[in-house]
Amino acid sequence: MASGPALALEHVSKTFGDLAAVDDLSFAVREGEVFGFLGGNGAGKTTSLRMVLDIIRPTSGSISVLGRPPGRENAVHLGFLPEERGLYRSMSALDTITYFGRLKGMSPGDARTEGLALLDRFGLSNFAKSTMDKLSKGMAQKVQLATAVVNSPRLLILDEPFSGLDPVNQGLLEDEIKRASAKGATVVFSTHVMQHAERLCDRLLLLAKGQKRFEGTLDEARDLLPARLTVTARGDLGALPGVASVEAGTERGEGWRDQTISLAPGVQAGDLLEHCTANGVALRRFEERRPSLHDVFLYMVGPQEARA
C-alpha cells in the first residue's frame, strides 16, 4: 500500500512550444476520496491526466502515483477512461474487457469472469459475443467503462467521462463511481459540468489556463462567495450588521417588501436571522440561496474562460 496521498503533483508544468498547457500545478488527492478536476475546455485537465498516466512527460515538476513515479508498473492498480473513446472494432465485447484485464495483470480466467459480471451489471449479457462495430454508441461506451474498472483499480481516472452520454448512461456512470469509491478506490475525474462534481466529489480543484484557482471541498468553494437571501420584511434591511447590499423587489402592501440581500464575507444567514429576531424586525419570508459550484466557477475563472 502507498503511504501518503494516492496522487500528488508538485510544481508541475508542461509546455508545447510557447504554450504553457499546465503552469506550476500542485495538488494532492487523498486515498479513497472522489476528486473532481474541473475547468473549461483547454484548461489543462487532459494534459495533466496524461502526465499522471505517463503518456506524456512534464517539462518540470514531480508526480507521485500511489507512492511512486508514473509508469507502466502502476497499470495493475489503475483504471483509465479516456475522453476520446476507441476500442478494437472487430473484437467482441467480452474479449475486449478480458484483453484490458490481461493488460492490467489479471489472469485470463479472472479477467473473463469479471468481464461477464460487468456485462451483466451493465445490461449487456446478450451482447458478450457481439463485436464492437455491431454495438450502439451507448453500448460501446459501457464496454469502454468496463475496461476501466475490470481490475477493481485502486486509482480510477476518468477524463470527461460524462461527455456524450445520455441521461441513463450518465446515471450508470455515477453509480460506478460511487461503487468504486465504496470499495475503497480513489477516483479522479475531469469535467466541465459542475452538477456532476456537486453530486459526487469529496474535494475538487478548479483549473484555468493551466493554473490552479482553487482546491478544497464543495462547502469551502461555496464559501468563496457570499450567501444571498430572499427576505420579505418591513422596512429597509440595508443598515443591519453583516448586510453588504440590498436589492428591493416587489411591494406587498402594508410596508412589506421583497428584498434580495447579499451578506458580507464571513457572515452567516443565521447571524442575520438571530439579529432580526432579537431586535423585533418583522419577517414573513427568510430564504437562503447558497452559491452553486457553477456560480463559484464563474467567479473564479470568469465567464469567458468558463465558455472556452
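The values are calculated or read from the model by the stated rules, or taken from the named source; none is laboratory data. As the structure is a computational prediction, the values presented were derived from the model and not from experiment. A quick note on method: Cβ atoms are made from the backbone with ideal geometry, for glycine too, and the neighbour counts reach across all protein chains shown.
Among residues of the stretch 43-61 being more than 23 Å from the chain's Cα centre (by Cα) and surrounded by fewer than 16 Cβ atoms within 10 Å (Cβ to Cβ), the one that is farthest from R213 (Cα to Cα) is R57.
Based on this model, can you work out whether A6 counts as under 18 Å from V301 (Cβ atoms), buried (at least 18 other Cβ atoms within 10 Å of the Cβ) and not acidic (D, E)? Criteria not met by A6.
Inspect all residues belonging to the stretch 107-120 and state whether any of them is in a helix (DSSP H, G or I) and under 14 Å from Y88 (Cα atoms). No, the conditions are met nowhere in the stretch 107-120. Scanning the stretch 245-265 for residues that are at pLDDT below 90, touching a His at 6+ places or on another chain (Cβ under 6 Å) and not charged (D, E, K, R) turns up nothing. Just give me the residues in the stretch 276-304 being part of a helix (DSSP H, G or I) and either surrounded by fewer than 16 Cβ atoms within 10 Å (Cβ to Cβ) or among the aliphatic types (A, V, I, L, M) (or both), in sequence order. Within the stretch 276-304, T277, A278, L293, H294, V296, L298, M300, V301, P303, Q304 qualify. Determine whether L156 is buried (at least 19 other Cβ atoms within 10 Å of the Cβ) and part of a strand (DSSP E or B). The answer is yes for L156.
Within the stretch 228-242, the set of residues being part of a strand (DSSP E or B) and either modelled with pLDDT of 85 or more or more than 18 Å from R289 (Cβ to Cβ) (or both) comprises L229, T230, V231, T232, A233, R234. Of the residues contained in the stretch 42-53, none is found to be touching a residue at least 24 places away in the same chain (Cβ under 8 Å), assigned to a strand (DSSP E or B) and not β-branched (V, I, T).
If you scan the stretch 96-106, which residues turn out to be part of a helix (DSSP H, G or I) and among the hydrophobic types (A, V, I, L, M, F, W, C)? The answer is I97, F100, L103.
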